[in-house]
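Peer 1: Input: one structure, supplied below.
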Amino acid sequence: MAGVDLLPREYGYVVLVLVFYCFINFWMTAQVGRARKKYNVSYPTLYASEADNKDAKLFNCIQRGHQNSLEMLPMFLMLMILGGIRHPLITASLGVVYCISRIFYFKGYSTGDPQKRLSIGKYGFLATFGLMICTISCGVGMLTA
């Protein structure tokens, strides 16, 4: 395959990390679905109203954990795909850190105490910063080659 030959062989790790994140997203989606049933929040309601639902904060924290992950997803994907062209092993490693931190971010948020999302979840921001550096390096390398 001609296009694949242009990428470093190790780029396969980047691809596998991206698939790993898909499974994490499926898991978070399922958690929100379970919370909808448990806390009686029907579609299409995005967030529960505290006036109507005594468990609104718990549901909203679960929903927010997933929603925030979806909000960050385009940036994560772009940084992984582009940064991995030049630095596939570093990018894949940072991607694994990001993925694992997202699990802890979601689980912490799901407790109903939003501050708990940052205990281990904060390392996802460091991974994102590292991915930005890899992507900048890729862009600069392309311009100077």
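Peer 1: Any residue at all in the range 92-100 that is in a helix (DSSP H, G or I), in contact with a Gly (Cβ under 7 Å, 6 or more places away or on another chain) and among the polar types (S, T, N, Q)?
Peer 2: There is no residue in the range 92-100 that is in a helix (DSSP H, G or I), in contact with a Gly (Cβ under 7 Å, 6 or more places away or on another chain) and among the polar types (S, T, N, Q).
Peer 1: Also, quick follow-up: Checking the condition touching a Leu at 6+ places or on another chain (Cβ under 9 Å) and within 27 Å of residue 58 (Cα to Cα), which residue from 139, 108, 130 passes? First the steps, then the outcome.
Peer 2: Details: 139 fails: within 27 Å of residue 58 (Cα to Cα); 130 fails: within 27 Å of residue 58 (Cα to Cα).
108 is the lone residue from the list that is touching a Leu at 6+ places or on another chain (Cβ under 9 Å) and within 27 Å of residue 58 (Cα to Cα).
Peer 1: Are there any pairs with C-beta distances below 6 angstrom linking a residue in the range 24-43 that is surrounded by 13 or more Cβ atoms within 10 Å (Cβ to Cβ) to a residue that is in a loop (DSSP other than H, G, I, E, B), with the two at least 6 apart or on different chains, and if so which?
Peer 2: So the pair list comes out as 39/55; 41/48.
Peer 1: Further, regarding this structure: From the list 102, 86, pick out the single residue that is touching a residue at least 12 places away in the same chain (Cβ under 8 Å) and under 19 Å from residue 133 (Cβ atoms). Lay out the reasoning, then the answer.
Peer 2: Numbers: 102 fails: under 19 Å from residue 133 (Cβ atoms).
Of the residues listed, the single one that is touching a residue at least 12 places away in the same chain (Cβ under 8 Å) and under 19 Å from residue 133 (Cβ atoms) is 86.
Peer 1: In the range 24-37, which residues are over 15 Å from the mean Cα position of the chain (by Cα) and farther than 12 Å from residue 62 by Cα?
Peer 2: Result: 37, single match.
Peer 1: Scanning the range 101-114 for residues that are part of a helix (DSSP H, G or I) and touching a Gly at 6+ places or on another chain (Cβ under 7 Å), which turns out surrounded by the fewest Cβ atoms within 10 Å (Cβ to Cβ)?
Peer 2: 104
Peer 1: Does the range 2-22 contain any residue that is farther than 19 Å from residue 90 by Cα and touching a Gly at 6+ places or on another chain (Cβ under 8 Å)?
Peer 2: no
Peer 1: Run residue 74 past the list (1) in contact with a helix residue (DSSP H, G or I) (Cβ under 8 Å, 6 or more places away or on another chain); (2) closer than 20 Å to residue 126 by Cα and report the number of the one that doesn't hold.
Peer 2: Every condition holds for residue 74 apart from (1).
Peer 1: From the set of residues in the range 51-91 that are closer than 14 Å to residue 16 by Cα and in contact with a Gly (Cβ under 6 Å, 6 or more places away or on another chain), which is surrounded by the most Cβ atoms within 10 Å (Cβ to Cβ)?
Peer 2: Ranking the qualifying residues of the range 51-91, first place goes to 91.
Rule-based calculations on the coordinates, nothing more; no lab input. Source: prediction; values computed, not measured. Cβ sites come from the backbone with ideal geometry, for glycine too, and all protein chains shown count toward neighbours.
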